[in-house]
Structure formats: structure tokens, C-alpha cells
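Have a look at the structure below before the remarks.
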Amino acid sequence: QVQLVESGGGLVQPGGFLRLSCAAPGSTSNINIWSCYRQAPGKQRELVAAITSGGSTNYADSVKGRFIISRDIAKNTVYLQMNKLKPEDTAVYYCKVVQGSSPYWGQGTQVTVSL
């Protein structure tokens with residue numbers, strides 16, 4: 001069982017930035033992929049960014065060039081640096097990991113981009 005703790009959401013103006021954190025205290029062996037999803041009101045949950053155990057990354061087209069996913073192996077933590085935020089980035093952001101073949105989700109954190 002993997003427990004995920006998310007933080008870093010909040011309210012920011014368009015063009016601003018936020019950094020989300022997803023920590024997995026305890027055993028994180030065999031975690032293959034760390035991912036960040038988001039879900040806006042009335043929309044389906046979508047993949048925003050992911051990083052593999054080997055360090056490979058991929059991003060949704062809508063965030064390429066603005067968001068950066070990274071990890072601190074020693075802290076068992078993944079970060080999503082979100083720059084040049086737009087109102088359409090407003091959503092609840094969720095962390096997900098896959099350990100072996102089992103997915104685990106964080107509780108979600110709200111990101112609101114508005115004047």
C-alpha cells in the first residue's frame with residue numbers, strides 16, 4: 001500500500017506559477033511511474049505529466065513548455081512546476097503512482113487560475 005500526500009495548490013493569477021508536491025513516505029520500492037492528472041468541473045480526468053523510474057518524462061500537449069515534472073528520489077517526492085498558468089489550467093490535480101501493477105491516487109489539490 002502506498003500513501004500519497006499532495007500539497008502546493010492554491011489561487012494564482014494568470015501568468016503566475018505554482019509548484020505541486022507529491023510525497024510517498026515509507027516504502028516506495030517497485031514504483032514504476034509517477035503521474036499527475038487533473039480534472040476540471042464537468043470534464044474527464046486527464047494526464048498532465050508523468051515521470052518513470054528511469055527518469056523519462058512525458059507531457060500533455062496543453063502544458064508542454066510550461067510545466068516540468070521532476071523527482072527527488074531521496075525524499076520519495078515528485079514535483080510539478082507549473083509556469084505561465086492559464087485559467088484553463090484550473091482543476092483539481094491528482095498524483096498517481098503505479099507500484100508493480102497497482103495504481104494509487106493522492107487526495108487531490110485544487111489549483112485555481114483567476115484574476
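Can you tell me which residue is modelled with the lowest pLDDT among those in region 15-37 that are assigned to a loop (DSSP other than H, G, I, E, B) and farther than 22 Å from Glu88 by Cα?
Ser27
Just to be sure, is Arg71 open to solvent by less than 40 Å² (accessible area, probe 1.4 Å), without any contact (Cβ under 8 Å) to a residue 40 or more places away in the chain and over 18 Å from Gln39 (Cβ atoms)?
For Arg71, the condition - open to solvent by less than 40 Å² (accessible area, probe 1.4 Å), without any contact (Cβ under 8 Å) to a residue 40 or more places away in the chain and over 18 Å from Gln39 (Cβ atoms) - is not met.
Take the residues in region 38-65 that are assigned to a loop (DSSP other than H, G, I, E, B) and in contact with a strand residue (DSSP E or B) (Cβ under 7 Å, 6 or more places away or on another chain); name whichever of them is most open to solvent (accessible area, probe 1.4 Å).
Arg45
Just to be sure before I move on: is Leu20 of a type in the set (A, V, I, L, M), open to solvent by 50 Å² or more (accessible area, probe 1.4 Å), closer than 17 Å to Gly108 by Cα and in contact with a Ser or Thr (Cβ under 8 Å, 6 or more places away or on another chain) in the structure I sent?
So Leu20 does not fit the description; no.
Please work out which residue is farthest from Ser35 (Cα to Cα), limiting yourself to region 74-91 and to residues that are open to solvent by 20 Å² or more (accessible area, probe 1.4 Å) and free of Cβ contacts under 8 Å to residues at least 60 places away in the same chain.
By that ranking, first place goes to Glu88.
The values are calculated or read from the model by the stated rules, or taken from the named source; none is laboratory data. Just so it is clear, the model here is predicted, and its values are computed rather than measured. A quick note on method: Cβ atoms are made from the backbone with ideal geometry, for glycine too, and the neighbour counts reach across all protein chains shown. Side chains included, ligands, DNA and RNA excluded: accessible areas come from the protein's heavy atoms. Shrake-Rupley method; radii C 1.70, N 1.55, O 1.52, S 1.80 Å.
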